[in-house]
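Below: the structure, in structure tokens.
The values are calculated or read from the model by the stated rules, or taken from the named source; none is laboratory data. Remember, it's a predicted structure, so these values are computed and weren't measured experimentally. All Cβ positions, even for glycine, are placed from backbone atoms using ideal geometry, and neighbour counts span all protein chains on display. Surface areas here come from the heavy atoms of the whole protein model, side chains and all, with no ligands, DNA or RNA. Shrake-Rupley method; radii C 1.70, N 1.55, O 1.52, S 1.80 Å.
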Amino acid sequence: MIAKFSLTGKICFWILVLMYAAAIFANFICPYHYDDEDRDYSYCPPTAVEFKDHDRWVHPFVYGRRLTFNEVHRRVYVKDFTQKYELHLFKMGRLLSVDAPGRFYLWGADARGRDLFSRIWYGARISLSIGIFGVLISFILGLIIGGIAGYYGGWIDQVLMRICEMFMMIPGFYLMLALRAVVPENFNSLEVYASVVVILALIGWASLARIIRGMALSVRERDYVLAAKTFGVPDIVIIVKHVLPQTISYSLASLMLTVSSYILAEAGLSVVGLGIQDPIPSWGNLLSDAMQIVPVIFAPWILLPGLFIFIAVVCFNVVGDSIRDVLDPTFNESSTNL
């Protein structure tokens, strides 16, 4: 299937693969644990890697940093040329590390002197997996409820669709806030993670169920479905083997497109303090530092999590469009004719 993607689709697909690989292997590629802090390096800018020492090529190293204030009393980190810390590859189970007490900040540090590069990739585990798990739950609910409503019709269809409309009539973000409000405040990080996944699933299944229901209404009148009924095939078998597979092209594309909205929803919850809580990182709560104008002006690298959210959302949308084009090539033709 991937071979049939457009060039843009292939690029976005491999970007997502790299993101997920970096998240999975964050323990290896990140120089620090996500909660490894040194407050002496609050908002320390990205560290420059040195390859020359007195015009002589040497093993890569970094200089120590010293905090001072300039003439307008702005915090400035200057190089301490008396302190040199060698960089190491594949030491202590990490791809890149630096001799203590030196600190290496590839993408700068946050307010508590924690490495932003490390926190972004540890946070990717939360932000990227929440979207996948949330979509899987809503995907299963939408397929089952939509398939049953479309196949049986009648009062079953009416009841299930009214339930869907009850969820859809409330704006998604407000529904998400209301559901989050009932989650106890004493939940640990794992319980908060699970609750956010469930919340995202509950706000997303209804729209998918309505679409699947409409497709099932059409499929149930086809000859092979009627033949299966004639031969006494159980309804559940007909729904699973004959009705739902006909919705797969739309469902897969919708699944990919919905992941991006769940990533944004988690980020929104975390930015306002209702999602994953510090010190556990997610792309959303990493952006909470950017809600104040002063840190953004003096430490613009704290906006990097927002860039990764943007890249992930765009890539999921492009891959979703590519899947739809491959599984339903008539879509583009019909759109062009219109």
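Rounded to the nearest 500, the 222 nm mean residue ellipticity of the chain from helices alone is -18500 deg cm²/dmol, with -39,500 (n - 2.57) taken per DSSP H run of at least 4 residues.
Each of Tyr152 and Phe187 was given a label point 7 Å from its Cα along the Cα-to-Cβ line. The distance between the two points is 3.1 nm.
For the chain, what does the relative contact order come out to in percent, with C-alpha contacts under 8 Å and a separation of six or more? It would help to have the intermediate numbers written out before the result.
Working: 514 pairs, mean separation 70.2, N = 338.
So the answer I get is 21 percent.
Model label points for Ala100 and Ile211, set 7 angstrom from Cα along the Cα-to-Cβ axis, are 5.2 nm apart. Each Lys or Arg adds one and each Asp or Glu takes one away; over the other residues whose Cβ falls under 14 Å from the Cβ of Ile29, this sums to +3. For region 47-151, the set of GluC sites (Glu not before Pro) satisfying both a DSSP loop assignment and a count of at most 15 other C-beta atoms within 10 Å is given as Glu71.
When the trypsin sites (Lys or Arg not before Pro) in region 1-65 are filtered for DSSP coil states and for at most 11 other beta-carbon atoms within 10 Å of their beta-carbon, the remaining sites are Arg56.
Quote the FRET efficiency, to the nearest 0.05, computed for Leu7 versus Arg39 with a Förster distance R0 of 56 Å and r equal to the Cβ-Cβ distance. If you can, show how the numbers build up before the last one.
Details: r = 46 Å, r/R0 = 0.83.
That gives a FRET efficiency of 0.75.
Each of (1) 49, 23, 16; (2) 34, 24, 22; (3) 29, 24, 20 is a candidate for semi-axes √(5λ) of the Cα gyration tensor in Å; the one calculated from this structure is (1). About the centre of its Cα atoms, region 76-176 shows a dipole size close to 440 debye [charges on the beta carbon of Lys, Arg (+1) and Asp, Glu (-1) only; nearest 20 debye]. Within the listed set Pro171, Pro305, Pro31, the Gaussian network model of the chain (springs between alpha-carbon atoms below 10 Å) gives the highest mean-square fluctuation for Pro171. When the chain is treated as a Gaussian network with alpha carbon springs shorter than 10 Å, the biggest mean-square fluctuation among Asp55, Asp40, Asp325 belongs to Asp55.
Summarised as an ellipsoid, region 47-143 has semi-axes of 39, 20, 10 Å, derived from the eigenvalues of the Cα gyration tensor scaled by 5 and square-rooted, with the largest first. Here the accessible area of the chain is 66 percent carbon and sulfur, with a 1.4 angstrom probe and all protein chains present. For Asp55 and Val272, the FRET efficiency from 1/(1 + (r/R0)^6), where r spans their Cβ atoms and R0 equals 51 Å, is about 0.45. The label point for Val314 and the one for Phe28, both projected 7 Å from the Cα toward the Cβ, are 2.9 nm apart.
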